[in-house]
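Structure record follows, encoded as structure tokens.
The values are calculated or read from the model by the stated rules, or taken from the named source; none is laboratory data. Since we're looking at a predicted model, the values are computed, not measured. So basically every Cβ, Gly included, is an ideal-geometry build from the backbone, and we count neighbours across all protein chains shown. Calculation scope for accessible area: heavy atoms of the full protein, side chains included, ligands and nucleic acids excluded. Shrake-Rupley method; radii C 1.70, N 1.55, O 1.52, S 1.80 Å.
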Amino acid sequence: METEILLKKLEGVQTIDSASNILKTDKDKVIYYLFRLRKEGYVKTKRLSNNKRVYNISFENKLKGTSYFE
């Protein structure tokens, strides 16, 4: 799949289970897609208290603007 198509489908806050339901694929393939998106800078990951990972997927994550101090 292309990056733009993945971004449109998975945009927002996702877990592995919710992303696999959206893409209708198995978890291994979803992990690979998230790895590719993270490598390009579109994904930020957080961990919940029950050790589940939550992925914040958006185009704005790639737009790393300069901070006030820079």
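Counting only helical runs of four or more DSSP H residues, what would the 222 nm mean residue ellipticity of the chain come to if each run contributes -39,500 (n - 2.57) and the total is spread over all its residues? Don't jump to the answer; show the numbers that get you there.
Numbers: 3 runs with 30 residues, N = 70.
Helices in the chain give a 222 nm mean residue ellipticity of -12500 deg cm²/dmol.
What number comes out for accessible area per residue over the chain if the probe is 1.4 Å? Units Å², please.
Details: 5420 Å² over 70 residues.
Result: 77 Å² of accessible area for each residue.
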Worksheet item: For the chain, what size does the Cα cloud have along each of its three principal axes, sorted from largest down, in whole Å?
Response: 43, 32, 17
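Which whole-number percent is the relative contact order of the chain (Cα, under 8 Å, 6+ apart)?
On the way: 71 pairs, mean separation 23.1, N = 70.
Relative CO of the chain lands at 33 percent.
Please list, by residue number, every one of the GluC sites (Glu not before Pro) in the stretch 1-60 that is coil in DSSP and has at most 11 other beta-carbon atoms within 10 Å. Please list the in-between numbers first.
Values: sites: GLU2, GLU4, GLU11, GLU40, GLU60; in loops: GLU2, GLU11.
When the GluC sites (Glu not before Pro) of the stretch 1-60 are filtered for loop state and at most 11 Cβ neighbours within 10 Å, GLU2 remain.
Rank TYR32, TYR55 by accessible area, highest first, at a 1.4 Å probe radius? Write down the numbers at each step before the final one.
On the way: TYR32 105, TYR55 15 Å².
Final ranking, largest accessible area leading: TYR32, TYR55.
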Worksheet item: How many lysine pairs does the chain hold where the Cα atoms are under 19 Å apart and the two sit 8 or more places apart or on different chains?
Response: 26
Worksheet item: When the accessible area of the chain is split by element with a 1.4 Å probe, what percent falls to carbon and sulfur?
Response: 52
